[in-house]
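Structure, as structure tokens:
The values are calculated or read from the model by the stated rules, or taken from the named source; none is laboratory data. Bear in mind that the values here come from a model prediction, so they are computed numbers and not experimental data. Backbone-built Cβ (ideal geometry, glycine too); neighbour counts: all protein chains shown.
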Amino acid sequence: MTTTAVPTAPTTGRKPASMAQALTRALRDAMAEDPTVHVMGEDVGALGGVFRITDGLAKEFGEDRCTDTPLAEAGILGAAVGMAMYGLRPVVEMQFDAFAYPAFEQLISHVSRMRNRTRGAVPLPLTIRVPYGGGIGGVEHHSDSSEAYYMATPGLHVVAPATVADAYGLLRESIASDDPVVFLEPKRLYWSKADWAPDEPQRVAPIGRAVVRRTGTSATLITYGPSVPVCLEAAEAARAEGWDLEVVDLRSLVPFDDETVCASVRRTGRAVVVHEATGFGGPGGEIAARVTERCFHHLEAPVLRVAGFDIPYPPPMLERHHLPGVDRVLDAVARLQWEAGWTPQSEQGADDERAAGGVY
């Protein structure tokens, strides 16, 4: 794989669209083009989903193809496994991130293993849409970042769009894939808007390909999903300090685009991984390890992580302290400057901050 710039689309017919609208359009286009695509989940029919992503699909395609299910996540996913085994392409919606946990047994025991178990004879073209992450003032079980669980399960593809265009393109790619895909939708970006022309031919983002959202020379911010806008804002703010930050949007967590990420880190010599999930056992640990193994002789400082604190997701009034923000990202970048001359003594000065679980 090679590093590519973000594709630019023609401006004719472009108008503001939200990520939610792009996801709805992706589902509608996939269902119109392929009669084997079925949408299913709690309240996806008449209500249109809790976030209205499936709005209008039951009316347009019928309840047989956009189906309300019982409140039983394990049953929903188990039924989808059978559908996929018999040639359909089910798209399952889990209402919220933590609501998906009851379905883990199906996910780990069957969804992730079926193709390997049958030596490739039985693929599972199954897409599991999971609204995830914080920033919406949700109560417990409504704001988890559970991507590490999926990343640690061999046999699954895991993707997380951060832009309107990628939401459309990656969902179309996921539905077309013969492998099961966990499609993580950042809830707080549902209403983010960008100029988009849905009626023009779409250049679909391939699964497994990261993209450089902003070029720079001082350090690389490696991120995905809801943390991409935060890193872009931090990169702009860093210009006042004389730092020129590059921002890499992973888009796909599994498969992971080592080539694009490592090419960036080798250019800048420094890296910070930013995500909402907890730091201990979170995705940043794996990403930092991969970067260190492949870029060790190019690194001028240790790879740092800016993450959610190592606690259950806090109440809405406290989430602004929990989520990685611009200031915490800039603090990590500042540490990269002096950690180029790292010693055990200088490291000791950061122990209190590390103990809080937010910067590693």
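In the range 29-38, the count of residues that are part of a helix (DSSP H, G or I), in contact (Cβ under 8 Å) with a residue 40 or more places away in the chain and under 23 Å from Ala162 (Cβ atoms) is one or more. For the range 142-161, a residue qualifies if it is of a type in the set (A, V, I, L, M, F, W, C), out of contact with any Phe, Trp or Tyr (no Cβ under 9 Å at 6 or more places or on another chain) and assigned to a loop (DSSP other than H, G, I, E, B), and exactly one does: Ala152. Going through the range 125-141 one residue at a time, which ones are part of a loop (DSSP other than H, G, I, E, B), on the phi < 0 side of the Ramachandran plot and crowded, with 21+ Cβ neighbours inside 10 Å? Scanning the range 125-141 gives Pro125, Leu126, Gly134, Gly138. Checking the stated criteria, Ala234 turns out not to satisfy the condition of being farther than 24 Å from Leu124 by Cβ, modelled with pLDDT under 95 and crowded, with 23+ Cβ neighbours inside 10 Å.
Out of the range 78-124, which residues are assigned to a loop (DSSP other than H, G, I, E, B) and closer than 20 Å to Gly48 by Cα? The answer is Met94, Gln95, Phe96. Scanning the range 234-271 for residues that are over 28 Å from Ser174 (Cβ atoms) and not aliphatic (A, V, I, L, M) yields Glu236, Arg239, Glu241, Gly242, Trp243, Asp244, Arg266, Arg267, Thr268, Gly269, Arg270. In the range 334-351, the condition of being of a type in the set (S, T, N, Q), modelled with pLDDT of 95 or more, part of a helix (DSSP H, G or I) and not assigned by TED's automatic domain parsing to the domain that holds Gly137 is met by no residue.
Cβ-Cβ contacts under 6 Å between residues 6 or more apart (or on different chains), taken from a first residue in the range 78-105 that is in the same structural domain as Gly133 (by TED's automatic domain parsing) and among the β-branched types (Val, Ile, Thr) to a second residue that is part of a helix (DSSP H, G or I) and surrounded by fewer than 24 Cβ atoms within 10 Å (Cβ to Cβ), are listed as Val81/His110.
When only residues in the range 238-253 that are of a type in the set (A, V, I, L, M, F, W, C) and crowded, with 16+ Cβ neighbours inside 10 Å count, which is farthest from the chain's Cα centre (by Cα)? Once the filter is applied, the top-ranked residue is Trp243.
For the range 137-190, filtering for residues that are within 21 Å of Val111 (Cβ to Cβ) and more than 14 Å from the chain's Cα centre (by Cα) leaves 12.
Taken over the range 46-70, residues that are in a loop (DSSP other than H, G, I, E, B), closer than 26 Å to Glu105 by Cβ and either charged (D, E, K, R) or over 25 Å from the mean Cα position of the chain (by Cα) (or both) amount to 2.
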